[in-house]
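Have a look at the structure below, then the notes.
Nothing in this text is a laboratory measurement; each read-out follows from the coordinates by a stated rule. All of these numbers come straight from a predicted model, not from anything done at the bench. In this analysis, Cβ positions are derived from the backbone assuming ideal geometry, glycine residues included, and neighbour counts consider all displayed protein chains.
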Amino acid sequence: MKKLFILLFLFCLTLSCTPKKSVTIYFSKMTDTDFYLVPIKREVTGSDVYKATLEALIKGPENTDEGNAVLPNTVKVLSTKKEDSLLIVNFSKEIILNANQVGVSSTTEALALGSIANTLTEFPEIKMVRILIEGKRNGDIDGREIEDFWGHIGIREDLSRNENL
């Protein structure tokens, strides 16, 4: 019995066995007159639950009933770092360079930023979110100003939960 336990333990270590966690992510929906965010439950695994949750958000909806993607599916989460109740998220440059994949407008930008903030503030320990792109909060990447994000709202300030989306 002891050998079986040791083998099972070693098996889990080699496969990085981590328990699944139920999280809530937000996709967008639209009607003829309105755009809004809808909460969707997902199961994620990984040692960094914040990163795994964002990766589920980037992956997008599993079907059209769940809504629409809010971020380009080419985006990578480079890192997350928690400082008190602030979560700092470092995305790859594709978040601004491939924004046309989800449509660029002031509405889609508000939905994308609101989706990130609302998804991460579902964790009770997170109250604010700061977005970095390629490790930078401002500056230029391939001719695009980081702080402008998609050109309408920008990411000059930390994000907080927005229940009005």
Simple spin-label estimate for ASP84/ASP32, 7 Å along Cα→Cβ, in nm, reads 4.9
Taking every other residue with Cβ under 10 Å from the Cβ of SER92 and scoring Lys and Arg +1, Asp and Glu -1, one gets 0
Per the helix-only model, the chain has a calculated mean residue ellipticity at 222 nm (DSSP H runs of ≥4, -39500 (n - 2.57) each, divided over all residues, rounded to the nearest 500) of -8000 deg cm²/dmol
Under Stokes-Einstein, the chain at 25 °C and 0.890 mPa s, with its Kirkwood radius over C-alpha pairs, diffuses with a coefficient in µm²/s of 146
Beyond 24 Å (Cα-Cα) in this structure, taken from LYS41/LYS136; LYS20/LYS136; LYS20/LYS82; LYS20/LYS93, we find LYS41/LYS136; LYS20/LYS136; LYS20/LYS93
Quick calc, the chain, dipole around Cα centre from Cβ unit charges on Lys, Arg (+) and Asp, Glu (-), nearest 20 debye, gives 940
The extension gain from ASN162 to ASP142, computed as 0.36 nm times the residue separation minus the Cα-Cα distance, is 4.2 nm
